[in-house]
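The values are calculated or read from the model by the stated rules, or taken from the named source; none is laboratory data. Bear in mind the structure is a predicted one, so any value in this text is a computation, not a measurement. As a convention, Cβ positions derive from the backbone with ideal geometry for all residues, glycine included, and neighbour counts pool all protein chains shown.
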Amino acid sequence: MGNDFRFSERRVSIPGPEGNLDGVMTLPDDGTARGVVLMVHGDAAAEATQDGLYDAWFEGAADAGFATISWSKPGVGGSDGDWLSQSMSDRATEVEAVLDWAQARDDVPTDTIVLWGASQAGWVLPKVVAARADVDGVVAVSPAINWLRQGRFNLLAELDHDKASTQERERAVEESDHTRKLLEQRASYEDYLATTDTADPMSKDRWRFVMRNFGADAESDLVAAGTREIPVHLMVGLHDRNVDVAETEDVYRSTFGPHLTVSRLDGAHSLARTAMEDNDAIGLAAAIFWPRAIFAPRAIDDYSSFLSTIG
């Protein structure tokens, strides 16, 4: 049914800052690899394989001769801790712990190390690259630059997509501005709940997570990472409603210069085909019967080709 992927997989347990991290390690079918990719999730409670959605990425890495390590976020699956208690610096520390674990093991091919990260990982990857001399390349999938600007871009893009009325737009922007003001005032969750008009308010844990991270801006960390002068591959979807990919590309180009390559793909934020993100039934059917078709044309081949140039 299209899901006979070309890699082998085994479970791994990795010591992390908050306890053990439950993960997977994949390898090319012949069991040998010349390097390893570490996958850094975006937002939300992510399981190591994203419930199978990472299989195409695992296969793309395997085709290029790379192993892949991916782990469930703290508090997800068998991983200890709570991802909602993390700052972006905490997330970077977690990635470094996985790097240290990999470097200490004889069964992990660490001659060449590549970091892959999506969306929110854009605030994590540059911190790790700037701090480590053992990262040889980066694949950044739809990363944002500034937390607040990204949130506003997403809000307006979704309103446009939904063909919201002028009144609906004004009400949504007013609510967003109110939430920003509360965050800047370090307001309590109780104050947020008492004054928000949204029909779907954040949970208390989510409010605290946003409070920790709403000031995130990647530019200074990107500049620090740029001094490493390693290959960086930016992959963006032309139909991304979450992130202003034009801003991201401009900042990455000015930061990484000749060390940057960019692929613009006919996909959404996750690089899935837009039909997959906009229609749950189509996405589910593709995941079951034709999982390689989930992603935009050329996306995984492009990823594999970039990895083939590293090391």
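General observations
- All positions within segment 268-277 that are part of a loop (DSSP other than H, G, I, E, B) and closer than 15 Å to Pro291 by Cα: Ser270, Leu271, Arg273
- The set of residues in segment 197-212 that are within 19 Å of Arg171 (Cβ to Cβ) and at pLDDT 95 or above comprises Pro201, Met202.
- Test: residue in segment 52-67 that is modelled with pLDDT under 95 and out of contact with any helix residue (DSSP H, G or I) (no Cβ under 6 Å at 6 or more places or on another chain): yes
- Exactly one residue among Asn146, Asn242 is within 21 Å of Met88 (Cβ to Cβ) and in contact with an Asp or Glu (Cβ under 6 Å, 6 or more places away or on another chain), and that residue is Asn146.
- Entirely in segment 1-97, the strands (runs of 3 or more DSSP E) that have 3 or more residues that are over 20 Å from the mean Cα position of the chain (by Cα): 8-16, 19-27
- When Ser203 is tested against (1) more than 17 Å from Ile145 (Cα to Cα); (2) of a type outside the set (D, E, K, R); (3) in the same structural domain as Glu277 (by TED's automatic domain parsing), only condition (3) is not met.
- Any hit, segment 14-22, residues being under 21 Å from Ala299 (Cβ atoms) and either without any contact (Cβ under 8 Å) to a residue 24 or more places away in the chain or assigned by TED's automatic domain parsing to the domain that holds Ser89 (or both): no
- Residue within segment 55-74 that is over 23 Å from Phe5 (Cα atoms) and in the same structural domain as Asp30 (by TED's automatic domain parsing) present: yes
- Residues (surrounded by 19 or more Cβ atoms within 10 Å (Cβ to Cβ) and either at pLDDT below 95 or small (Gly, Ala, Ser) (or both)) located in segment 132-165: Gly137, Ala140, Ser142, Ala144
- Residue in segment 29-46 that is surrounded by fewer than 19 Cβ atoms within 10 Å (Cβ to Cβ), among the β-branched types (Val, Ile, Thr) and out of contact with any Phe, Trp or Tyr (no Cβ under 7 Å at 6 or more places or on another chain) present: yes
- Qualifying residue in segment 84-93 (condition: free of Cβ contacts under 8 Å to residues at least 40 places away in the same chain, in the same structural domain as Tyr252 (by TED's automatic domain parsing) and over 24 Å from Ser305 (Cβ atoms)): yes
- Number of positions in segment 224-248 that are surrounded by fewer than 16 Cβ atoms within 10 Å (Cβ to Cβ) and part of a helix (DSSP H, G or I): 3
- Odd one out for Arg273 among (1) charged (D, E, K, R); (2) surrounded by 21 or more Cβ atoms within 10 Å (Cβ to Cβ); (3) at pLDDT 95 or above: (3)
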